[in-house]
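Have a look at the structure below, then the notes.
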Amino acid sequence: MKIVKQFLFIASIAISGFSQAQTPTPLPACDPQIKETIARRLNAITAFSYQEQLRIQQQIYDTYFYCAADGASVPTTDPIYTAASQCGAKISFLGSTYFEELSCCGYDPQRRQFACPIRIKQAFGFGGSPLPGSREHVLHCIRNVVNQWVPVSFDSVHLSNSAFAPSWQFGTVSDVNTFLHLVQPMNGVVRQARTILSWGLLPTGCQYQPIWGNSIDYQIRLDQ
């Protein structure tokens with residue numbers, strides 16, 4: 001009887017461990033179809049003026065910002081925090097990262113370029129394939145001498161829904177083209193950098209809080 005009880009106890013632990021390992025990723029606050037709808041809407045306004053696009057995007061942002069609530073429930077033990085830490089970065093804002101996330105960026109001082117991998121975690125929620133799809137936007141900022149974040153570089157990468165299983169690493173490489181004095185001279189000085197990943201909607205400033213995506217803070221060095 002004692003052996004049977006021990007067997008049942010061990011079996012119950014094994015089953016419990018199996019069920020924990022099989023726990024599915026929590027569903028996002030917003031149905032993936034919301035992203036699909038937004039992707040179509042954004043594609044429909046590409047011929048509009050830049051200012052009109054920003055106005056419409058602000059309306060979309062105000063309507064769907066509640067979708068970013070996913071980030072509030074992500075524990076600091078989540079792999080994104082570990083990945084950022086291993087990259088020497090910290091998460092400065094976490095929106096919904098059910099579909100995509102960014103945990104690391106690097107800077108090439110000779111070419112004045114930022115390079116960032118973007119992890120795509122789902123095969124859906126990005127718009128029809130191959131077109132119109134949608135874009136992952138990445139904004140880079142540097143802190144100036146009066147402790148203000150200023151935008152210095154921007155890029156985006158196109159993607160769409162896929163029949164293949166994720167995850168994938170997309171990437172952006174973007175040149176510094178404003179506030180050039182912050183990356184010169186190349187004398188080894190350290191600068192504080194911030195990178196913001198925002199799916200679909202253009203990040204409008206260095207304090208921007210993306211609905212889908214996140215931001216990281218880290219150091220760069222202006223070396224020869």
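Using all pairs of distinct alpha-carbon atoms, the Kirkwood hydrodynamic radius of the chain works out to 19.2 angstrom.
With the cut-off at under 15 Å, measuring from each backbone N in the range 41-55 to a point 7 Å along the Cα-to-Cβ line of residue 178 picks out 50-51, 54. Taking 0.36 nm per residue of separation and subtracting the current Cα-Cα distance, fully stretching the chain between residue 165 and residue 85 would add 26.1 nm. Over the chain, Cα pairs under 8 Å with separation of 6+ residues give a relative contact order of 23 percent. For the range 174-204, the residues whose backbone nitrogen is under 19 Å from a point 7 Å from the Cα of residue 51, taken along Cα to Cβ, are 202, 204.
Simple spin-label estimate for residue 150 and residue 207 gives 1.7 nm between the two label positions (7 Å along the Cα-to-Cβ direction from each Cα). Would you look at the GNM of the chain, springs on alpha carbons closer than 10 Å, and say which of 112, 55, 194 moves the most? Of 112, 55, 194, the most mobile in the Gaussian network model is 55. What the phi angles of the range 73-89 give under the Karplus curve with 6.51, -1.76 and 1.60, with θ = phi - 60°, is a coupling list of 9, 7, x, 5, 8, 5, x, 5, 5, 5, 4, 5, 4, 5, 8, x, 10 Hz, glycine and proline written as x. For the range 25-95, a Kirkwood radius taken over Cα pairs fed into Stokes-Einstein (20 °C, viscosity 1.002 mPa s) yields D = 148 µm²/s.
No lab work stands behind these numbers, since they all come straight from the coordinates. Predicted model only: the values in this text are computed from it and were never measured. Cβ coordinates were reconstructed from backbone atoms using ideal geometry, including for glycine residues, and neighbour counts include every protein chain displayed.
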